[in-house]
1. How high is the relative contact order of the range 9-91, in percent, counting Cα pairs under 8 Å that sit 6 or more residues apart?
2. Considering Cα pairs under 8 angstrom that are at least six residues apart, work out the relative contact order of the range 32-74 and quote it in whole percent.
3. So how far, in whole Å, is the C-alpha centre of the range 102-178 from the one of the range 12-81?
4. Tell me, what % of the accessible area of the chain is carbon and sulfur with a 1.4 angstrom probe?
5. List the aspartates and glutamates whose alpha-carbon lies under 18 Å from that of Lys67, not counting same-chain residues fewer than 8 positions away?
6. Could you calculate, for the range 53-103, the ratio of the Cα radius of gyration to the Kirkwood radius, expressed as Rg to Rh?
7. Cα-based Rg of the range 30-172 per 2.2 N^0.38 Å, rounded to two decimals?
8. How high is the relative contact order of the chain, given as a whole-number percent (alpha carbon pairs under 8 Å, six or more residues apart)?
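The values are calculated or read from the model by the stated rules, or taken from the named source; none is laboratory data. All of these numbers come straight from a predicted model, not from anything done at the bench. When we count neighbours, we look across all protein chains shown, and the Cβ atoms used for this are built from the backbone with ideal geometry, even at glycine. All accessible areas refer to the heavy atoms of the entire protein, side chains included, with ligands and DNA or RNA removed. Shrake-Rupley method; radii C 1.70, N 1.55, O 1.52, S 1.80 Å.
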Amino acid sequence: KNLSQDEDMAISDTLDFTYYNDLSIRYMRFMNIGINDEASIDVSRDGGKTWQEAWSNSNMILDNTWKLHEIDITSLAARKSKVLIRYSLGTTNDYWQLSGWNIGDFSITGNFVSKDVGISRVVSPAEGCGLSNNETVTVVVKNYGATESFGVIPLRYSFDGNETVALDTLYGVMPVGD
């Protein structure tokens with residue numbers, strides 16, 4: 001969402017999650033906002049060009065102590081290289097002025113993906129109707145992980161919803177991004 005001039009925000013530095021999945025924002029929160037106040041946490045995965053909401057309040061929040069708050073941002077940020085996190089407050093009114101956001105012990109947790117080899121594209125056959133077990137299948141394999149993969153790399157694929165599964169093996173070293 002685009003913020004108006006009446007809203008305040010704090011935006012993180014650019015974060016690179018190219019090799020991370022299962023991402024969560026964790027922080028301690030002491031928040032006080034009125035029923036007509038708006039607060040949100042948004043995530044950009046394209047360096048700030050567009051934003052998607054990760055969390056927003058749906059009613060008044062009156063925390064009387066610090067509370068742990070955790071938000072899963074996997075669908076918004078995993079495996080992306082230009083991620084920004086934005087905390088915003090506003091619009092608000094002058095009726096009842098409260099303390100707003102108070103944040104401490106901010107962290108982002110996730111699982112580092114060191115090895116992740118997968119089929120990136122099927123080269124042939126171009127169409128799947130009427131094929132037999134005699135057709136040759138050609139695929140492009142890519143290393144999506146953060147480190148080179150080497151040794152014996154098992155490949156598995158199916159074109160019929162796993163009724164028939166083909167197995168193959170790739171031997172050797174596969175550099176990152178190859």
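1. Working: 184 pairs, mean separation 41.5, N = 83.
That works out to 50 percent.
2. RCO, the range 32-74: 41 percent.
3. Taking the Cα centre of each part, the range 102-178 and the range 12-81 sit 31 Å apart.
4. Ligands and nucleic acids excluded, carbon and sulfur reach 47 percent.
5. Counting by Cα, and skipping residues close in sequence, Lys67 has these aspartates and glutamates nearby: Asp105.
6. Numbers: Rg = 14.1 Å, Rh = 13.8 Å.
Ratio of gyration radius to Kirkwood radius: 1.02.
7. 1.66
8. 24 percent
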